[in-house]
Amino acid sequence: MYLMIVSLETLPFGLFFSGKEIKHRRRHFQKRRQQLQKAKKYRAIKKLEQKEKRWMRAINHNVSRRIVDFADWLNADLVLENLSRLDFAIRWLVQKLNVKLS
């Protein structure tokens, strides 16, 4: 479910971004935060949260930069869509159809 594809209809290739490594690293941060919370190390939790934010900001920057460079290389325009309601629609559909997504 964590996959982003950037492509053009006229070309047979595109950019693919997998979120597998990101998901794994975020789970690592989450487990580490749980350990620190059990040990009542609140300052260390704050530091870890800041580290995770910096890391995620760098990942997002790199991905967006690669998308812009790809569009520039193809001399293409970028079109952005607001897909925030899509998650709600998918959850509603899954609930209605009683289907489990992995």
Long-range neighbours under 9 Å by Cβ, at least six apart or interchain, first residue in a helix (DSSP H, G or I) within segment 18-43, second of a type in the set (Phe, Trp, Tyr):
LYS20/TYR2; ILE22/TYR2; LYS23/TYR2; ARG25/TRP55; PHE29/TRP55; LEU36/TYR42
Is it the case that segment 33-40 has a residue that's within 30 Å of ILE90 (Cα to Cα) and small (Gly, Ala, Ser)?
no
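Yes/no per residue for (1) touching a Gly at 6+ places or on another chain (Cβ under 9 Å); (2) assigned to a helix (DSSP H, G or I); (3) loosely packed, with under 12 Cβ neighbours inside 10 Å; (4) of a type outside the set (A, V, I, L, M):
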site: LEU48; (1), (2), (3), (4): no, yes, no, no
site: GLU52; (1), (2), (3), (4): no, yes, no, yes
site: ILE67; (1), (2), (3), (4): no, yes, no, no
site: ASP72; (1), (2), (3), (4): no, yes, yes, yes
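Just so you know, all these numbers are worked out from the coordinates, no wet-lab data involved. Because the structure is predicted, anything quoted here is derived from the model rather than measured. FYI the Cβ positions are ideal-geometry reconstructions off the backbone, even for glycines, and counts take in every protein chain you see.
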